[in-house]
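Step one of this worksheet: look at the structure below.
Read-outs: derived from the displayed coordinates by stated rules, not from any lab. For clarity, every value in this text was computed on a predicted model and none was experimentally measured. Glycine gets a Cβ as well: all are built from the backbone with ideal geometry, and neighbour counts include every protein chain shown.
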Amino acid sequence: MEIDCRGKACPQPVITAKQALEQLKEGEVVLVVDNPSSSENVERFARSQGCSVHVVEKEGDYYLRLGKPRSGGTSAFPQEGKKARKTVAYISSQFLGIGDDTLGAILMKVFLKTLLEMENKPNPLIFINSGVKLTSEGSEVLESLRALAGAGVEILSCGTCLDFYGLKEKLRVGIVSNMYDIARSLLEADTIIRP
Amino acid sequence: MTCVLLFDSVHQVMRAEKLLKKRNLQIDLIPVPREISSDCGVAIELPSEIKEEALHLIGRGGLSNVICYRRIEGGSFEKDG
């Protein structure tokens, strides 16, 4: 089965992939998208569902061959007995807390540095609205965020927000994400921290 | 090597940060290391080579009561001066 998602805006390709995988009992489905971030988003989603992913780029289009694991539905994909608690940090502003912005900027900087020293780090860190200024060029916390990424923490920035603030080409750490991924991360979290 | 400057309040940290950044000194704001304590949770960390210059600027800016620590190898701290 091949599904053409060219010309579809994010997160439509991910939603289509989800529906296709749900309907599929076993075997493979091929999804075609026309841009790298859709390709990455679909790939990430499929892998999170335990699917195999094989991507081929052809004349600017991406053909993603998604293989569904044999054992039943996506939710039944074997999960190890003990699941670690999932804590997500939802960073919806470049400032920490409400009040003075200069203080808020300092607190955010110190907060992210402190996270680095914590044994149980939140994962992923989701940056949304003016939070994306923290992951983009000119941010004073890039070093901390890179160190967190190096420690295995996923750094997700809302693509719509990057676009709004004119930062699409200026993302300097982590990946561009979409509302679908963000909403899913929030829903799957055991704890959400909103600094 | 770096040193960590502690101040009495976050207002003083903010003033000091402004003074030092105006001179393009390479400084960093950090949470006050747990081994050290102060009334304020934010400190300034800078390379030891610019410590004297920084302290001079801070002093001229009217900020007193600055406490300086050296970050020594292994991540611990030693009071400096």
Ranked on Cβ counts within 10 Å of their own Cβ, fewest leading, A:181, A:34, A:101 go A:101, A:34, A:181
So, R0 is 41 Å and r is the distance between the beta-carbons of residue A:190 and residue A:70; what FRET efficiency does that work out to, to 0.05?
0.90
Within the range B:30-62: backbone nitrogen closer than 11 Å to the residue B:23 label point (7 Å, Cα to C-beta):
B:50-61
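With a 10 Å radius around each residue's Cβ, average the other Cβ atoms per peptide and rank B:62-74, A:126-138, highest first.
A:126-138, B:62-74
Do the sum for chain B: with -39,500 (n - 2.57) for every DSSP H run of n ≥ 4, divided by all residues, what is the mean residue ellipticity at 222 nm, to the nearest 500 deg cm²/dmol?
On the way: 2 runs with 23 residues, N = 81.
Helices in chain B give a 222 nm mean residue ellipticity of -8500 deg cm²/dmol.
Counting only other chains, and only Cβ atoms inside 10 Å, what mean value do you get across the residues of A:165-178? Numbers along the way, then the final one.
Details: counts 0, 0, 0, 0, 0, 0, 0, 0, 0, 0, 0, 0, 0, 0.
Other-chain Cβ atoms within 10 Å of each residue's Cβ, averaged: 0.
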Separation of alpha-carbon centers, the range B:1-73 and the range A:2-74, rounded to whole Å:
51 Å
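Over all residues in A:92-103, what is the mean tally of Cβ atoms on other chains that come within 10 Å of each residue's Cβ?
On the way: counts 0, 0, 0, 0, 0, 0, 0, 0, 2, 0, 4, 5.
That average works out to 1.
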Chain A: angle of helix A:179-188 to the longest principal axis, Cα-based, in degrees nearest 10:
80 degrees
Nearby aspartates and glutamates by direct alpha-carbon distance to residue B:79 (threshold 13 angstrom, same-chain neighbours under 8 apart not counted)
B:35
Taking Cα atoms only, helix B:51-60 is inclined relative to the longest principal axis of chain B by an angle, in degrees rounded to 10, of 40 degrees
With the cut-off at 11 Å, report for the range B:1-51 the share of all Cα pairs above it, as a whole percent.
65 percent
For B:3-12, mean number of other protein chain Cβ atoms within 10 Å:
1
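Quick one: net charge of residue A:166's neighbours, Cβ under 13 Å, K/R +1, D/E -1? Please list the in-between numbers first.
Details: positive: A:133, A:168, A:170; negative: A:137, A:163, A:169.
Neighbourhood net charge equals 0.
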Taking a ≥ b ≥ c as the square roots of the Cα gyration tensor eigenvalues, with a/c under 1.5 meaning rounded and otherwise prolate when a/b beats b/c, else oblate, which class fits the protein assembly as shown?
prolate
Would you kindly state how much longer the chain becomes between residue B:66 and residue B:36 on full extension, computed as 0.36 nm times their sequence separation minus their alpha carbon distance, in nm to one decimal?
9.4 nm
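Classify the range A:48-195: rounded, prolate or oblate, from the alpha-carbon gyration tensor (a ≥ b ≥ c, eigenvalue square roots; a/c under 1.5 rounded; otherwise prolate if a/b is larger than b/c)? Intermediate values should be presented prior to the final figure.
On the way: a/c = 2.31, a/b = 1.44, b/c = 1.60.
It is oblate, given that a/c is not under 1.5 and a/b is not larger than b/c.
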In degrees from 0 to 90, rounded to the nearest 10, what is the angle of the helix A:101-117 Cα long axis to the longest principal axis of chain A?
60 degrees
Among the listed pairs A:68/A:121; A:109/A:168; A:113/A:168, give every one whose C-alpha distance is greater than 29 Å.
A:68/A:121
